Each structure stands twice: as C-alpha cells, then as structure tokens.
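Remarks on the structure that follows.
The values are calculated or read from the model by the stated rules, or taken from the named source; none is laboratory data. For clarity, every value in this text was computed on a predicted model and none was experimentally measured. Cβ: placed from backbone, ideal geometry, glycine included. Neighbour counts: every protein chain shown. Remember, those area values only see protein heavy atoms, side chains included, never the ligands or the DNA or RNA. Shrake-Rupley method; radii C 1.70, N 1.55, O 1.52, S 1.80 Å.
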Amino acid sequence: MVANQITKPNFPLADHFDSPEQQVDAGKLGMWLFLATEILLFGGLFVAYAIFHNLHPELFKAGHRYLDVKLGAINTVVLLFSSLTVVLAIHAAQKNKTSMVALNLVITLVCAVTFLVVKYFEYTHKFHAGLLPGYFFTNGEIPAPDQAHIFFGIYFLMTGLHGIHVVIGIIVLLWLLVRSLKGEFNEQYYLPLELGGLYWHLVDVIWIFLFPLLYLIR
Amino acid sequence: MVANHLEEESYLTSKKGISSWLFTLDHKRIGLMYLVSVMFFFFMGGLFAILLRMELWSAGETIVKAKQYNQLFTLHGAIMVFLVIIPGIPASLGNFVLPLQLGAKDVAFPRINLMSYYIYVVGALIALSSLFVGAIDTGWTFYTPYSITTDGGVVVMVFAAFVLGFSSIFTGVNFIATVHKLRAPGMTWFRMPLFIWGIYATAIIQIMATPVLAITLVLLIIERVFHVGIFDPQLGGDPVLFQHFFWFYSHPAVYIMILPGMAVISELITTFSQKRIFGYKAIAYSSIAIAVISFLVWGHHMFVSGQSELVGMIFSALTFLVAIPSGVKMFNWAATMYQGSISLATPMLWAMGFFLLFAIGGLTGCFLGTLSIDVHLHDTYFVVAHFHYVMVGGTFMAFMGGIFYWWPKMTGKMYNETMGVWSVILVVLGFNLTFFVQFLMGAQGMPRRYYHYLDQFQIYHQISTVGSFLLGFGFLFSVITLLVSLKHGKKAPPNPWHAATFEWTETASPPIEHNFHHQPICTRGPYEYDQIAKSV
Amino acid sequence: MDSVKELLSMRLPVASTMSWLPEAASTAASSVDWLFYFLIWSCVGLFLLVVVPVIWFSIRYRRKIEGQKALSQVDHNVKIEAAWTLLPCIYLAFLFYWGFIGFVDLYTIPFNAKTLRVIGQKWNWTVQYPDDDISVSGQGAVIGVPLGQPVQLIMSSQDVIHSFFVPNFRIKQDVLPGRYSSIWFQATKIGEFPVFCTEYCGDEHSKMLAIIKVMPQDEYQEWLTKKKGEDVGLPPLELGQKLYTQKACNACHTLDGTPKIGPSFKGIYGHMTQLEGMAAVKVDDGYIRESILEPQAKIVKGYPPVMPTFKGQLSESDINALIEFIKSLK
Ligand code: HEA
Ligand code: HEA
Ligand code: CUA
Ligand SMILES: [Cu+2]
C-alpha cells in the first residue's frame, strides 16, 4: 500500500524508524494490540453478564422489557453508518481529497453525538423510573424477583463503559478533524486516520454485541 | 570501531538539565528513571516489611495495633506487587536493554514509553495518597465482601492499581511492536537473545491479563460506591466471582514477575560460563508455554473456596503442567555450565542465588498445587514462604543480578567486586534465615495475616525477624556498592564480561544517544563466544 | 479478652518441635501426611538433582586464567532433553493423582456423619448442635465432639468470608456469606485442638479462634447434658453478662467507656445517642433490640456500619438478658 515512499517528502518519519513501511506497520501492530486489550476489558463484563444470565435468566427476561428496543435499534444504525463514513474519510485521504476527509469526519462526529443524545434520553428515562443498579433501584412495578437491580447494574456498567469509549472516540475524531483541516493527511500519510478509524470500528463492534445481549434477549 | 564510540558523547551527558531527563524520549533514560523509582518503592515496601517483622517479634502488641498491622501488610504487598515487581525488570532493564539487544535506535513508540512512565508515577502517587484518606486493610488481594465493607481508602488504592495497569499495558504493547518491527537486519527470531524472548512472553501476558484486572477493579469500585450487586452477597451478588476475576489476572501476573527474571538468568549463565546456551529453542519456547498455560491455572488459589471438586482437579492438573517448562529452564541452565569457563563474578553469584532459592520456591509451589496438601497449607505461612522464595529469591535475585550485570553498560562504571560478592552473601543468608522457618511454622498451622499467634510459634517468628534485618542490610549494602561505584568506580570497558550480544559488542559503555554509530548487522546467534574476539 | 489470652498461650499439639506437621488427629490426616512427607523427600531429591551439578560445575569448570575458553560448545542433546521434559511429567502426574484422591476423601461426607452447623461472623464462631438443641459460641468457644464418629460441618457466614481451619485434622474450608459450604472429619485422638480463621476478615481475624475438644462417647454425652443445663435458670443479668463474651459483643464493645470498634456499653442506656445524619435516638429496650437484630437500620455517628446481625442466633430471652445487662452498666 505504502511502498516506495521513502523518497517522497510528505511523510513525517520518526528518526528511530528506517522506513515509512516500518513506521506504519509498527503503528498498526501497536493499535491492534491495544484493541485486543480493549476487547479483553469488555470481556470481563461479558463474562459477568454470562454468569448472571446463567444464574438468573428470569431477571434478564424481565429486565430487558424495560429497555427501548426502538432507540437501541436507531443507535445501532447510527453507529454502523458512522463506521462507514470513517472508512470513506480514509478513502478520501488516499485519493488526496482533503475536504472530503474533513466532511466525512464531521458526519462521523455528528453520528457519535447523536448516539450519545439518544443514550441520554434512555438514561434519564431509567433514572425517572427508578430502574437503577443496587440500592438505588426503586422501581416498584417491575414483576421480576427482587434482584432485578442486578440486570440494571450490568446494563449501566456495560453501556456506561461503552459510552465512555464513545466519548474518547469523539475526542480522537476531533483531533483527526483538526489535523485534516490543517491538511496533514495525504495519499502517503494517513496512518493516524487509519488508527483512529480502527478504534472507532471497535467502539462500533462492541455495540453490535451489546445491543442484542441487552435489548433483544429472549 | 571502538575508538569511534569514544568520540561521541554518551546518552548520559549528551543533553543536560533536569528537563532533558523529564521529557526525554530516550529508552535508556526512561529505563534509568524507572530503575530509580522502582528501587525507591522497593525500599519503602521493604521498610513496611521490617515493621511487620518487628511487630511479629512477640505474640501480642509489640509496636503497632492490629488495625495498623493489617494496613502494613496490605501496603507492603500492594506496593511490592504493583509498584515494584511487576514493572521491575521489564520497565527498567527491559527498557534499557531490549532496543540495544535488537540493534534498534529506540522502542517503537518512544512517546508512549514516556507516557507509561508518567502513568506509573501518577499511579504511585495515587497509591500513596491512600494513606491520607485512611490506609487500606484488605490484603493485596482485595477480596470481597470484606473490601466493600471495610472503611479506609480502598477505592483510592484500587484505583491506583487500575492506573498502574495501564502503564503495564502500554509497556507491553510497546515491547511487542518493537520486537516485531525493529529487529536489526539479519536478526531472525532464533537469533534473538533469550532476554528478549522472556520480555516478549511477559509482554504477551501483560496485554492479555491486565485489562481483566482493570475491569475487575472497576467493578469493585462501582460495587463499593454504588452497590450494584455483582459481588455483594447481600444484594444477590457472588463474592467468589471476584476471586475468579482477580486471580485470572493475578496468577498470570506472577509469571509477569518471574519470566523477566528467568530472562535475565539466561543471559547471566551463558555469559559467565562463556558457553553457548544449552537448548536455546527449548528455553525460548518454554517462556511462551509458561505465558500461555499461566492463563489456565488461576483456580489453584481457590481450592478451599468452595468450588467443585472437578474444577479443583482441572486446576491442579494444569498447575503441574506449568511447572514443566520452568523445570526445563532450570535443567538447561545447569547443562549450560557443563564444560564452560565459569567465572563467579557478582552477577553470576546472584544467578546462583536465584538458582538455589527459585528451586526451593518452585518446588514448594508443587506442594501447593497438590490438592489435598493445599487444603492444609492454604493461607498459612507456608504460602507466604513459597511466594517470597519465588518473588524475592527468584525475581529479585535475578533483578539484582541484572542490575550488576548491566551496571557498567548503564553508567560506564565498574563496582567493587569484593563488595558485590558480600552483598550476595548477605542477602542469601538473610533471606534463608527470614523465610525458611516460615515453611516450618506454616506447615505446623500458623495462618498468615495474623497479628496474634500461639506462643509456640514465637521462636520461629523471632528467627525470621532477625533474618529480615540481615536481609534488609544486604539489600542496603548492594545499593551502597552500586552508588559508591558512581563516584569511585573504575571506567568500564565496552565489554567487560566478554559477552556476545549487541549491547556489549556494538556500542560503548555507556552507549551514545542513538545507541549505535552504524546499524548493527546480525550474522550469528547471540551466544557464539568463539566468534566475538574479532569484533571487539 | 482473657479467654483469648489463655487461648493464645495454649499449645497446638505437635509431635515434636522439629516435626513438619502438627500431630495427626483425624482419619484424613494419615493419608495427607504420607503424601506430605513423600513430597518433602522427593523435592529434596529434585533440589539436589539440580543444585549439586551446578555447584560441581562451578568448581570443576571454574575459569582459572583470564580469557580461558570453554571446553566445548555443546548446546543440545535430544535424549537428555527429552528425559528431563518427560520424567517430571510422570512424577507430577503421580502427585496430581494422589493429591486428588486425598482431596475427594476430604470432601466426601460419610452418610452416618453427625451434623453440626457452623456460623462465622466477625470475629467468632458459633456452632449449633441441631440434634441436641445446644450451641456454643464466642472467641475461644469449646466445640465438643465425640471420638471416632464422623462429624459434618455445614457452614455459612453472617458477614464477610471466613475460613475454618483445624491443623490437627488437616481440614480447611472457606465459610461464605449467602451460601453453604461443608467439610467433615473423624477425630482419632482425645484432646483439645485449636481452630483458626484463615481467611482474612478484619481487625481481630487472628483472634477468631475456637477449640475442638475431642471426648470419648460417654464423656461427650455428659458434656452435652451439662451444656443443656447450663443456661437454664440463670438470672437474666448473669445470662446477659455471659452472652456478652459468648457472642463476642466484647470484640467490639467495651464496658469501661472506651470506644472500640463500636461504642462502649457503659452508661448508654436511657441516654440519647447521636446517629449518622441529623437524628438522635434514645437508647431504650426497643432500640437495643433493633441494634442487635437489624444493626444497619440506625448507625451511630462516627462508627462504621460493620456490626453483624444476630438474628436467628439469640432467643427472645437472650435478647432480654442482654438488654438487662446493658441497663445495669451505669
Ligand atoms: C514470582 C512469582 C511466582 C511464581 C514463579 C510461582 C510459581 C508457582 N506457584 Fe505460586 N504463588 C505466588 C507467586 C509465584 N508462584 C504468589 C504471590 C502466591 C500467593 C498469593 C497470595 O495468596 O497472596 C502464590 C501461591 C501459589 C498457590 C496457591 C496457594 C494457596 O493460596 O493455597 C499455588 C498452588 O498451586 C502455587 C503454585 C505454584 C507453582 C506450581 C509454581 C510453578 O510455576 C513453579 C515451577 C518451578 C519449579 C517446579 C522449580 C524448578 C524446577 C526444578 C527444580 C526441576 C524439577 C522439578 C520438578 C520436576 C517438579 N502458588
Ligand atoms: C515483590 C514482592 C515482595 C517482596 C520483595 C517482599 C519482601 C519482604 N517481605 Fe513480603 N509480601 C509480599 C510481597 C513481597 N515481599 C506480598 C504480596 C505479601 C502478601 C500481603 C498480603 O497478605 O496481602 C507479603 C507478605 C509478607 C509477610 C506476611 C504478613 C502476614 O501474612 O501477616 C511478611 C512477614 O514476614 C513479609 C516479609 C517480607 C520481608 C522481610 C521482605 C524483605 O525481603 C524485604 C527486604 C528489604 C528491605 C528491608 C528494604 C531495604 C533496606 C532498607 C530500607 C534499609 C533499612 C533496613 C533495616 C533497618 C534492616 N511479607
Ligand atoms: Cu474470620 Cu478471619
Ligand atoms: Cu497462582
């Protein structure tokens, strides 16, 4: 992909690397390793989910009815679309279309913010209904056994941690946007875009798992 | 070639001023900063240990109250584990040596390297600040539900461990990328020094296990603050689940502690025997094998926690499996010395100490892996003795050996050999005096984390306390030996030990800022002592 | 307090001061000990196997002059390497097998076992004898058991995790809140054997001790009858005083006005006590009763909410006796 660029001037090569290939490969490898750790981080929560689902399946059935599938589905679509625009941004960089890079990043950012806004409405609704973890659980109408709070504990943990990742993603995207507006990305150098994109895909993929596990359990 | 090196200034003097250190991206400087910080916390943890031992001089109150005693062993354990031994060898020696041995100019991501150092510093400060909100008294294992009911700075200390985890992850990511992408031309995987294999295997564990610890600690904090009901039995949670999560990280973590130690020992034994290492591939692969199997044995800390017999059985079997690669390494090191040209210089003596003490520590690990025996020994001083034999007798001996070995490279100064020899003798003697009696009292039933104890154990405790003073003095003496050399030491030649790896053969002591004048080319294995005479 | 001092100075029966293990006093101990001693000796063997060559090589092949070359550069030998990989496997498989057999024995409860219920709480053990309608408790409680009869312990915890350890019987089992765990033993020696708590549980973890007293059948029966009669007819004040140590209130509450883990009992009765938050409440019978049964309901200002509930462990008359006792402390 990036062969024969050693002589080209548009590549900021760090001085401990011998070639752009080496730098690009190292960067990507590092990012993949980091993504692996992220997956393991969520892995712990998925394990907790599995264990409690196994212990109290009835809880999860009762709990998930109180989640809004429609809003969840909208968010899923929004995130999927934002993954697409990130790819388009990289694509544009490869074609040297600097303004398209920025445009696509802006769309991605809008999606990310939309996601958070939807989540905000979901959360506030739960706060009002008292569908909260642990001691804070005050909802009286839920026809579940007295441990329904565990479901909401897990719900808030998983979506909360994911939400934090969305926020970090937004910061990363903003930083990329600034750099792209400065015209730093071009057909030779778009590594940061690629790495940021990888991160954004991860955020997306995790949501793809969370959505069915929390909203659609039968 | 050598003459060349002397002209350019070394990494220590090439830039001056405090900020040239604080903002450096040079892996060698970062390694040194880690070394100093880790040693600082080692002494702090050691001081807590001495206070522990003083309290145990007599059965009732000797110097502190029960509550303070509990805080002392928690701080001692947490500092030693999270601030000293896990970052220990990889972040200090690894940072310094790894790029040099690979023939690289730096690690793959120097900025992330510096960032991980500062994350470490921040984590350490948070850990210490827990002292001000009321020291934590849960033991370093933070078991629920005790940790969600006791007062004190549990959240602060747990958060510190969480932050430190990220430092560890970033170091791991950095090293793996460096090993994959920055090897010198000609350096194939099987031409890499075994130190690198060991650090590489460690890095794998670091990035695989640490995130699980991170999320566990987050869950613990959330449970404590918001009472979610995941670990709290009063809310329908499962306290044993925490133990599973915790050990899923912390067992692999014990190999994060020992693999770098083993990595150092591999270097020391060949160099001081002037002989190619026996079973290079076996040692390299056994590091990887240990890294992989280490993820499957966590349940051996929980044989009596009420898990099913079948689960206990599986974990016991896998525990024994992980002993085999360790055994393979031991045998290979012994065989390396056969027909060598052995010099018992200070680093080699540390290696011998490692050999002796790690064998005892590892073999007593096999006692603990044996199901019916562990029922009796679990949570007694036998376990305390086991893990000090592997962590202090194993890892720390290797760490000291590594420091003495690379000291001339790091500082350009030779230390006083007689003083070096005496440090080893003091430490080995003091160590055995402190911890061997703990096997005896543990097997006889003395539980750990006990402030009061039956009078009959007093004699053992007193021997142990005397030993700990000797041990502490030994470590103090080692550090003095090194510090004295900075002022009075002779200038170190580039390759005082006649070693065969790049950091000795291709650059000066201390190295120049960019490590090498010319990109080194690798044309042979790392331990071909008959070939190096020409190049230096 | 005193009972603990005494307890700490009691001897854990050991065969001799230099023996590795304490005296064996249960059926399980013999097979465990056999394996333990096998481990010791085989590990001494393995230790020598690796250490002796290393010492020998470092003498035999010691570098005599500067720059001396190694005698050879051999770096592999397939046969030897295979041997030191495979032989340990056999040894370890053997260890695993014997350990597992012993483990299964430790947890396979004989059908004719007599059942005792054990409750752990900060920081004492309560043992209930369901068949005989008695219970013992407190730091240093004496748990009577008959010689030669299998005894099963069904255990649970009021608060945090504890662990029930009897060195002489070679048994240990964690005691968990919210679930039952069990273990069994059959005593083979008459005598008094200490019980330790081996899961760290807070300030007085190391004082969470008890004694198992093994008695021949007839003596055991006598002990039971005596126990049954003990509390009957005791005046409430004395009973309360007794319960104060027996239920280990003394672990947290003093009688002389010094605060410990909880507030002192001295002079609280009839006075106002400041609660967490703004409220204050008068210490009367109802409040004391609530404090004992539902300690988390009202928390005294300046103290952690760590008092365990005694619900189900104290009878009505016990509670009344405790109230009388607290009342008497002016
Ligand atoms: C550096 C750290 C380190 C290392 C390397 C090890 C190595 C091993 N450990 Fe250890 N362990 C700890 C640190 C470590 N441990 C800590 C910190 C705890 C307690 C935590 C706490 O509760 O606070 C613990 C606790 C612990 C337990 C739980 C005890 C309990 O709480 O009840 C067990 C049980 O199986 C165990 C087993 C082993 C085994 C089988 C090995 C093996 O890997 C050892 C392999 C080595 C050898 C076998 C020796 C060398 C080989 C030979 C001499 C060749 C010949 C040998 C044979 C053929 C057998 N360890
Ligand atoms: C790397 C890990 C590490 C290291 C290096 C050590 C080092 C030491 N440890 Fe520790 N230890 C642990 C990890 C470690 N420990 C862990 C994880 C626990 C479990 C905690 C828990 O239960 O939660 C534990 C628990 C533990 C206990 C059990 C407490 C209990 O269960 O009640 C004891 C008791 O003897 C002890 C002693 C010592 C001693 C004497 C040293 C010595 O090696 C220290 C020697 C070093 C020095 C002394 C510092 C250097 C010298 C000076 C500062 C100069 C001044 C010296 C003098 C005045 C003599 N340790
Ligand atoms: Cu109860 Cu320790
Ligand atoms: Cu382990």
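Quick notes on this one:
- Each of C:T198, C:M215, C:Q246 was placed along the dipole of region C:149-278 (beta-carbon charges, centred on the mean Cα), and the one lying farthest toward the positive end is C:M215.
- In this structure, the amide hydrogen of C:T115, modeled 1.01 Å from its nitrogen in the peptide plane, lies closer than 5 angstrom to those of C:Q152, counting only residues at least 5 positions away or on a different chain.
- Rounded percent of accessible protein surface that carbon and sulfur make up, the protein assembly as shown, 1.4 Å probe: 67
- Chain B - percent relative contact order, Cα under 8 Å, separation 6 or more: 19
- Considering only alpha-carbon pairs that sit under 8 angstrom and 6 or more positions apart, the relative contact order computed for region A:23-215 is 33 percent.
- Per-residue [θ]222 nm for chain B (sum of -39500 (n - 2.57) over DSSP H runs n ≥ 4, rounded to 500): -21500 deg cm²/dmol
- For C:V175, the residues 5 or more places off, or on other chains, whose built amide H falls under 5 Å of its own are C:H162, C:S163, C:F164.
- Computing FRET efficiency as 1/(1 + (r/R0)^6) for C:K226 and C:E276, where r is the C-beta to C-beta distance and R0 is 51 Å, gives about 0.70.
- For B:473-486, mean number of other protein chain Cβ atoms within 10 Å: 0
- Residue among C:M307, C:M155, C:M272 with the largest mean-square fluctuation in a Gaussian network model of chain C, springs linking Cα atoms under 10 Å: C:M272
- Electrostatic dipole magnitude of region B:23-530 [Cβ: Lys, Arg +1; Asp, Glu -1; Cα centre; debye, to 20]: 1280
- Along region A:175-186 the Karplus relation, 6.51 cos²θ - 1.76 cosθ + 1.60 evaluated at θ = phi - 60°, assigns HN-Hα couplings of 4, 5, 4, 4, 5, 6, 5, 6, x, 7, 9, 8 Hz to successive residues, with x for each Gly and Pro.
- Listing of region B:168-206 residues, each with accessible area lower by at least 30 Å² in the full protein assembly than in the chain alone (probe 1.4 Å): B:V173, B:K181, B:L182
- Each of B:A335, A:L79, B:C522 was scored by the projection of its Cα onto the charge dipole of the protein assembly as shown, and the greatest displacement toward the positive side belongs to B:C522; charges sit on the C-beta of Lys, Arg, Asp and Glu.
- Furthest towards positive pole of dipole, B:A160, C:Q152, B:T74, structure part the protein assembly as shown, Cβ charges: B:A160
- Which of C:F36, C:F96, B:F23, B:F190 is most accessible, then next, and so on - probe 1.4 Å: B:F23, B:F190, C:F96, C:F36
- Residues in region B:79-89 carry Karplus couplings, in order, of 5, 4, 6, 7, 9, 10, 7, 6, x, x, 5 Hz; the curve used is 6.51 cos²θ - 1.76 cosθ + 1.60 with θ = phi - 60°, and Gly or Pro positions show x.
- Average accessible area per residue (Å²) across region B:23-530 - probe 1.4 Å, nucleic acids and ligands excluded: 26
- Once backbone amide H atoms are built at 1.01 Å from N, C:I212 has C:I143, C:F193, C:V195 as its partners under 5 Å, excluding neighbours fewer than 5 places away on the same chain.
- Distance between the 7 Å Cα→Cβ label points at A:N54 and A:E187: 5.4 nm.
- About the Cα centre, charge dipole magnitude for region B:22-149 (Lys/Arg +1, Asp/Glu -1 at Cβ), debye: 220
- Counting Cβ atoms of other protein chains within 10 Å of each Cβ in B:64-70 and taking the mean gives 3.
- Working from label points 7 Å from Cα in the Cα-to-Cβ sense, the B:R111 to A:L216 distance is 3.9 nm.
- Segments A:113-125, B:164-176, A:190-202 sorted - mean Cβ within 10 Å per residue, highest first: B:164-176, A:190-202, A:113-125
- For the protein assembly as shown, a Kirkwood hydrodynamic radius built from all Cα pairs, placed in the Stokes-Einstein relation at 37 °C and 0.692 mPa s, yields a translational diffusion coefficient of 103 µm²/s.
- Check: region A:23-215 dipole with +1 on Lys, Arg Cβ and -1 on Asp, Glu Cβ, in debye: 340
- CD proxy at 222 nm, helix term only [per DSSP H run n ≥ 4: -39500 (n - 2.57); per residue of chain C; nearest 500]: -12000 deg cm²/dmol
- B:L22 paired with A:F127, simple spin-label distance in nm, labels 7 Å along Cα-to-beta-carbon: 4.0
- Region C:154-159 - phi-based ³J(HN,Hα) in whole Hz, Karplus 6.51/-1.76/1.60, Gly and Pro as x: 9, 10, 8, 10, 7, 10
- Partner lysines whose Cα lies under 17 Å from the Cα of A:K119, excluding those fewer than 8 positions away in the same chain, are identified as A:K70.
- Threshold 50 Å², region A:35-63 residues less accessible with all protein chains present than alone (1.4 Å probe): A:T37, A:L40, A:L41, A:F52
- Protein accessible surface hidden between A and B, which excludes ligands and nucleic acids, total in Å², probe 1.4 Å: 2900
- For the residues of C:71-83, the average number of beta carbons from a partner chain within 10 Å of their own beta carbon is 5.
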